[in-house]
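Q: Can you keep this structure in mind? I'll have questions shortly.
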Amino acid sequence: MDYLKIIAKIINCANSRIYIPERDRIFYDESNRCDAEEITIEREWDSWKLKDDYFKIGKSIMDETANYYGFWESRFFNDKDGEIFVNH
């Protein structure tokens, strides 16, 4: 069985906030700043399931990243009619 390790790493993110250009404002309010200096998220996945699970993998990584900003679930990835679209 072959597994793949996926690592997302964000460095120098202390006091950063998420910005959404079309809203021309910071997402949520000033209290939603990242308090971590570095974010590292790892996932191990069955290599043969990547084609079917790519959305699930990406969303779980974004959800965990969003939790560093005080969110419970990422609002940047949505599933519409089985397709992925990213909210910028």
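Residue by residue, here is whether (1) open to solvent by less than 50 Å² (accessible area, probe 1.4 Å); (2) among the hydrophobic types (A, V, I, L, M, F, W, C); (3) within 12 Å of C13 (Cα to Cα) holds:
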residue: E38; (1), (2), (3): no, no, yes
residue: W45; (1), (2), (3): yes, yes, no
residue: D53; (1), (2), (3): yes, no, no
residue: M62; (1), (2), (3): no, yes, no
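Q: Take the conditions modelled with pLDDT of 85 or more, assigned to a loop (DSSP other than H, G, I, E, B) and of a type in the set (S, T, Y) and apply them to S16. Does it pass?
A: Against the criterion (modelled with pLDDT of 85 or more, assigned to a loop (DSSP other than H, G, I, E, B) and of a type in the set (S, T, Y)), S16 qualifies.
Q: Does at least one position in segment 24-44 carry a residue that is out of contact with any Asp or Glu (no Cβ under 6 Å at 6 or more places or on another chain), over 16 Å from T65 (Cα atoms) and at pLDDT 90 or above?
A: The answer is yes; a qualifying residue exists.
Q: Working only within segment 30-71, note down all residues that are of a type in the set (D, E, K, R) and in a loop (DSSP other than H, G, I, E, B).
A: Within segment 30-71, E30, R33, D35, E37 qualify.
The values are calculated or read from the model by the stated rules, or taken from the named source; none is laboratory data. Computed from a predicted model, the values in this text were never measured in an experiment. Heads up, the Cβs are rebuilt from the backbone with ideal geometry, glycines too, and the neighbour counts pull from every protein chain shown. Accessible surface is based on the protein model in full, side chains and every heavy atom, while ligands, DNA and RNA are left aside. Shrake-Rupley method; radii C 1.70, N 1.55, O 1.52, S 1.80 Å.
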